[in-house]
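*Asks:* After the structure tokens below, expect a handful of questions from me.
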């Protein structure tokens, strides 16, 4: 296999070589303590804990067991594990472009035997290109890989590690995989949500999947977008928007949200 390949005009290293080189580069910027202690801690949590259980009563009634789910920003696999259980006869496409997060996610998929999960080591956006992924380094020396983000602004964090990642569109992915449906999309991608939606317009208009999105005005600004733009896009594509509210005790609630705000939303086709 050649050392480099070209896809859609973008020259990339052979995938295995590229991942190995990037992971080596990322870890080389950490202390020995960070390489061992924090990575093992992140991996242990991903393998042994199940977060987001509060979503189950909300999601089970609206997601069929043969559904196709897009998990954008799969991180270390917490939602991925949950989705895998909900759709035993369906498939979860877990998009996670970050090399550090992907190294954990792949182990979670393998060790939990998530046969209906496919990891895609790319991001989703409005066009096919390459982007710089910025990953904060905490004061402790641990990687804040859950806060990894795209976009030009880097003033939020003093110390960061960056890597170049591949971006594709959801529409192009659906075509390449010959998908016959997409039933549910979850996107928690630190401000890139609007960009993902722009590249998913045909899929959204064709299949009208239910959407869950994180909305943060400051984060959206990194990509030059606003909550108002996102709301308008959703309304134009015939969605109703609801705020997700959870107090840590009662069932997760969905509350109508006709006006933009910062928080988590679920969107149903009208």
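*Asks:* Give just the number: which of (1) farther than 22 Å from residue 149 by Cα; (2) modelled with pLDDT under 90; (3) touching a helix residue (DSSP H, G or I) at 6+ places or on another chain (Cβ under 7 Å); (4) surrounded by 12 or more Cβ atoms within 10 Å (Cβ to Cβ) does residue 35 not satisfy?
*Replies:* (1)
*Asks:* Give me a count of the residues in region 174-196 that are closer than 15 Å to residue 150 by Cα and out of contact with any helix residue (DSSP H, G or I) (no Cβ under 6 Å at 6 or more places or on another chain).
*Replies:* Summing the residues that are closer than 15 Å to residue 150 by Cα and out of contact with any helix residue (DSSP H, G or I) (no Cβ under 6 Å at 6 or more places or on another chain) in region 174-196 gives 6.
*Asks:* If you scan region 106-122, which residues turn out to be within 23 Å of residue 133 (Cα to Cα), assigned to a helix (DSSP H, G or I) and touching a helix residue (DSSP H, G or I) at 6+ places or on another chain (Cβ under 7 Å)?
*Replies:* The answer is 107, 108.
*Asks:* Let me ask something else about it. Please count how many residues of region 79-117 are surrounded by fewer than 18 Cβ atoms within 10 Å (Cβ to Cβ) and within 21 Å of residue 42 (Cα to Cα).
*Replies:* Selection size over region 79-117: 6.
*Asks:* I need the full set of residues from region 205-257 which are out of contact with any strand residue (DSSP E or B) (no Cβ under 8 Å at 6 or more places or on another chain), in a helix (DSSP H, G or I) and under 22 Å from residue 61 (Cβ atoms), in order please.
*Replies:* Selection gives 207 alone.
*Asks:* Pairs under 6 Å by beta carbon, first residue within 11 Å of residue 170 (Cβ to Cβ) in region 203-215, partner part of a loop (DSSP other than H, G, I, E, B), six or more apart or different chains?
*Replies:* 203/182; 204/237; 207/181; 207/182; 209/182; 209/183
*Asks:* Please go through region 78-97 and pick out each residue that is part of a loop (DSSP other than H, G, I, E, B) and more than 10 Å from the chain's Cα centre (by Cα).
*Replies:* Within region 78-97, 87, 88, 89, 90 qualify.
The values are calculated or read from the model by the stated rules, or taken from the named source; none is laboratory data. This one's a predicted model, so the numbers in the text were calculated from it and none came from an experiment. Quick reminder, even Gly has a Cβ in these numbers, built from the backbone with ideal geometry, and neighbours come from all protein chains shown.
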